[in-house]
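Below is one structure, written out as structure tokens, with a few remarks after it.
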Amino acid sequence: MADNPALEQCLIDLHKIGVIKFGDFTLKSGMQSPVYFDLRIIVSFPKILEKVADLMWASAGGKEYHHICGVPYTGLPIATCISLKKDLPMLVRRKEKKSYGTKKMVEGIYKAGEKCLMIEDVVVSGASVYETVLTLQELELDVTDAVVFLDREQGGPANLHALGINVIAVVTITEMMAILLKHSRINQATADSVIEFINCHNETSIVADGKATFRKTLVQKNRTEMSFGSRIQTTVHPVAQKLLALMVKKKSNLCVAADVDTSAKLLELAEKVGPFICLFKTHMDIIKDFSKSTISSLKDLAVKHDFILFEDRQFGDIGNTVASQYGGGLYDVVDWADIVTVHGLPGDGVIKGLVSAVNGQARGCMIVAQMSSEGSLTSESYSKACVEMAEDHTYFVMGFISQGNISQDPRFLHLTPGVQIEGAADKLGQQYCSPRSAVLDKGADIIIVGRGIIQAEDPALAAQAYQEKAYAAYVTRIE
């Protein structure tokens, strides 16, 4: 980035007045961030507001526009300032339609075909910009350009570009950190923590016309048509990337459900099936002699046989409660389990609660969207809500426990329980399907097998058989 004294001074001023904050902040999405950019307070500092407006107008590149429109709410004072200085007519898009009078969504005088410039303070996913653009386009205005002050480098410009909107950012978060470090406003440790955060959380999406736009690769194929290897590039979730790579390396899409009741049985099973699995699913609360040494030994086996630990904790309470369950107590799940399960019923507070307990570790969750038990109350509308929750929290949600293909988003893995080579049902309502049916008919990426392996005379041999059948079905599916 070339030296820009005006921008550097503006960022120093913004840091001085508290627009740029460092610490531990919960964003609107529930994500924990080490940096927060609150440009709203510049309405109390007219000279700084003017500096921000000048920089944004300069970034627009001298194009001619008939109108300017600020994305509500922080974009409004900036757009007003530019409108007054440049004698450029302004439009105001409401957050909600009036229930009285003209009931307009957009205030101002305009004609169809006139060109309008969008103004926004910060872009994360780009959803707010897109909503405003849609409203203006419905009025037949020509809206293709948006100027933002800060790009948080979490996918917004790429998402908007895919929807036909050109985004010009005054400064990126990486550039901002470099400038603040240059002028000794922050130390190297603070700069490093923010850059690390951005590198680990740089994927967002906008849902447009019922389809999500993706950060790195727009949907080229449906999930079930893509190879595990190609899907690695569709996500930046570190655990999802690791799992997909592992599935390719071991040619395994098998998860063993280790529903045993002693540490000895658990570790013996992990030793036997480890070479054939990608995931080892536990229920630690049924281990009668659970101890820290149980976890230590299990982690050693996960390294030895190259599999990922998956605790089927099925969190389903309010955020504060699940945070305590996840990051403390007897099981201290966050310390050792790469993946956990959650229920969507409490709403996204359950995701936010879990994220608050992660403390920077690479962790993820699977949402229980459908169940394999007879009479399950997981309705179609519930499953759809689970998908929407996942799309809002892609930095933590990796996929679903499901009995069918509920999303074609290649970032989300589908894990299907209730699998046996000979499909049947037990006396307690558990319904089974074959590995081939789970993968080809139900769209499973990973099959979950419990008793079919645990109760086998030779669990290792059984695990190998399931591994081969499930992976062969996957190869058939993508071919």
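Return the calculated 222 nm mean residue ellipticity for the chain, to the nearest 500 deg cm²/dmol, obtained by summing -39500 (n - 2.57) across DSSP H runs with n ≥ 4 and dividing by the residue count.
Numbers: 17 runs with 182 residues, N = 479.
After summing the helix terms and dividing by residue count, I get -11500 deg cm²/dmol.
Which one of VAL303, VAL256, VAL355 is farthest out on the positive end of the charge dipole of the chain, using unit charges on Cβ (Lys, Arg +1; Asp, Glu -1) and the Cα centre as origin? Of the listed residues, the answer is VAL355.
Given R₀ = 51 Å, what would the calculated FRET efficiency be for GLN137 paired with ILE421, taking r from the Cβ atoms and rounding to 0.05? Let's see the in-between values first.
On the way: r = 54 Å, r/R0 = 1.06.
With R0 = 51 Å, the Cβ-Cβ based efficiency is 0.40.
What fraction of the DSSP beta bridges in the range 5-212 is antiparallel, stated in percent and rounded to the nearest 5? Could you put the intermediate results ahead of the total?
Numbers: 9 of 29 bridges.
The answer is about 30 percent antiparallel.
Counting Lys and Arg as +1 and Asp and Glu as -1, what is the net charge of the other residues whose Cβ lies under 15 Å from the Cβ of GLY62?
Every neighbour counted, the sum reads +1.
In the chain, the DSSP beta bridges split such that about 20 percent are antiparallel, to the nearest 5. The local environment of VAL239, defined by Cβ-Cβ distances under 10 Å, has a net charge of +1 under the rule Lys, Arg +1 and Asp, Glu -1. For the Cα atoms of the chain, what angle does the longest principal axis make with the long axis of helix 292-305, in degrees from 0 to 90, nearest 10? Long axis of 292-305 versus the principal axis of the chain: about 90 degrees.
Highest first, please rank the peptides 166-176, 53-63 by the mean number of other Cβ atoms sitting within 10 Å of their residues.
On the way: 166-176: 19.2, 53-63: 15.7.
With the highest mean Cβ count within 10 Å placed first, the list reads 166-176, 53-63.
Shape class for the range 224-478: rounded, because the ratio a/c of the largest to smallest gyration tensor axis (alpha-carbon atoms, square roots of eigenvalues) is under 1.5.
The long axis of helix 5-17 is offset from the longest Cα principal axis of the chain by roughly 70 degrees.
For SER297, the shell of other residues with beta-carbons less than 15 Å away shows a net charge of 0, using +1 for Lys and Arg and -1 for Asp and Glu.
Note down the magnitude of the dipole of the chain about its Cα centre, charges +1 on Lys and Arg C-beta and -1 on Asp and Glu C-beta and zero elsewhere, to the nearest 20 debye. Numbers along the way, then the final one.
Values: 49 positive and 56 negative charges, 110 e Å.
Dipole size: approximately 520 debye.
Label separation (LEU181 vs SER44): 3.1 nm, computed from points 7 Å beyond Cα along the C-beta direction. Roughly what angle does helix 75-86 make with the longest principal axis of the chain, taking Cα atoms, 0 to 90 degrees, to the nearest 10? Taking Cα atoms only, the helix is inclined about 30 degrees. By the beta-carbon count within 10 Å of each Cβ, the least crowded to most crowded order of HIS183, HIS305, fewest first, is HIS183, HIS305.
Readers should treat all values here as calculations from the given coordinates under stated rules, not as data from a laboratory. Note that the coordinates shown come from a computational prediction; the quantities given were computed from them, not determined experimentally. Positions of Cβ are backbone-derived with ideal geometry, glycine not excepted, and every protein chain shown enters the neighbour counts.
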